[in-house]
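To start, the structure itself, in structure tokens.
Each value in this text was obtained by applying a stated rule to the coordinates, not by laboratory testing. What you see is a predicted model; the values in this text were computed from it and never measured. So basically every Cβ, Gly included, is an ideal-geometry build from the backbone, and we count neighbours across all protein chains shown.
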Amino acid sequence: MEGGRAYMMGPAGPNIVGGGDIRVPLIKADRCLKRTVSVKKGPKWCCGGSVVRALRLRCCVVPPPRHRLLALVLLATGAYCVLVHPQLLHQTPPLPLAAFVHGNRTRNLAAVRDNLSSASNHRVSDDGSDIRHHALSLFAGAAGQRGEMEEEMARRRARVWQVCRSSGLVSDDGTSKVEPNAWEFFVDEHHHLVWCNIFKAASSSWMYNFNLLGGYKEQYLRRSRKSPLALARERFPRPSVEQLKAALPHSLSFLIVRDPFERLLSAYRNKIEGFRHKFYRKMAREMISKFRFKTSPAPGTHRSLNNEKSPTFSEFASWVIESANNAKGVKDGGYSGIPGFDEHWAPYYRFCTPCAVNFSVVAKMETLARDEAYIIEKSGIGGALGRKAGALDMSNRPREAVNAAIGARTEDVLPRYFQTLNKEQIDSLYDIYKIDFLMFGYDVSKYYNMLPS
């Protein structure tokens, strides 16, 4: 510092700007005045009204021959500027003097800049890992919300276990009476993630996620003619019971459920109604052959005499009821699936065997955005999914990955379809899905209220 002035330091050392040999006075140390200085070689520079701001804008103080004098000037100038401009304290993270001055010379500005950037951008998650490696920061810095989610998941797991015991699905010592239905699980050992894929419950979205976790690029998934399920199984083969049991202790395991009857209607609309799906046309024709004009319509409704082109919802319900009754007593699981059920409407408690697998997370469609964010952050897979913090946007995904329903949303058209059933049909359907209703906290009474009076 000479004559009470501070100077800019360039890459070649003190007093050098842009590699030239020009001394440029920027700030008077005894006054905090903003001053713009033109430099013949290089851009214009503007350091703010204090040494503190000058340091922030990558200006530095040239040490005088006597270190004591430099320290006194810095302390005096800093104290004056803080008293006159206290708002400066909030503009940069506080750093010790050693961050700027080291030994007999000023510390390299690049290092100071990196420290400032790191101090302002670095965040650490509750478990000590860098928050930048997490998918969504929905719960970052919000311990209360995180705690609420932990409590909610604990309540859901407790409810599942209570119904397992009350329904006789576990023995007195708590051991499941059935083996896990490992056939339907996806095990990602690299990301320590286990998912039971319940169809018609965000399954298309998470199949897409698992394909990304498996290493497929989005461009490839858009072009591929293979089904998402086939692609996913190439990277995550169906595990054996032993492989599933080995993976569970060190993995986050989850399933996603929705109202059982809502899922049943969603499956009907997507697979049966209108013969939309080629694979199910044979099944649909069997429904028509077996139940058309043989089931009594609900009071107040009528059926046209001309043959509909696809099974009605009432005919579909009768098919589900009869198929389930005919398969009673047949052993579940394995390649044959759940006897009497298609995978799109098989009961949860048989398809994912939650009495044999203590899932870490029981997610629901009704709270899907929050639950998905919790899963992604808890497992740390956000980076692999390309998710930005707080983002759940699927607009850029392939159409088959989103699997949007045709027409109105299923939850909006429930009365239109369920009022075509009679009470006996709803009773029989509830008998099939009763454990699912109880286990995951859904209410069947609203469906009885949809029946015509």
For 179-188, 320-329, 152-161, ranked highest to lowest by mean beta-carbon neighbours within 10 Å, the order is 179-188, 152-161, 320-329
Pseudo-spin-label distance Gln162 to Phe293, built 7 Å along Cα→Cβ, given in nm, is 5.0 nm
Subtracting the Cα-Cα distance of Thr367 and Asn326 from 0.36 nm times their residue separation yields 11.2 nm
Expected sort for 229-238, 347-356, 436-445 on mean C-beta neighbours within 10 Å, highest first, is 347-356, 436-445, 229-238
For the Arg235, Ser453 Cβ pair and Förster radius 60 Å, calculated FRET efficiency rounded to 0.05 is 0.70
For the pair Leu69 and Arg225, the simple spin-label estimate (label points 7 Å beyond Cα toward Cβ) gives in nm 8.3 nm
Extend 7 Å from the Cα of Asp172 along its Cα-to-C-beta direction; within segment 348-362, residues with backbone N under 12 Å of that point are none
If the chain between Ala246 and Asp412 were fully extended at 0.36 nm per residue, the gain over the current Cα-Cα distance would be 55.6 nm
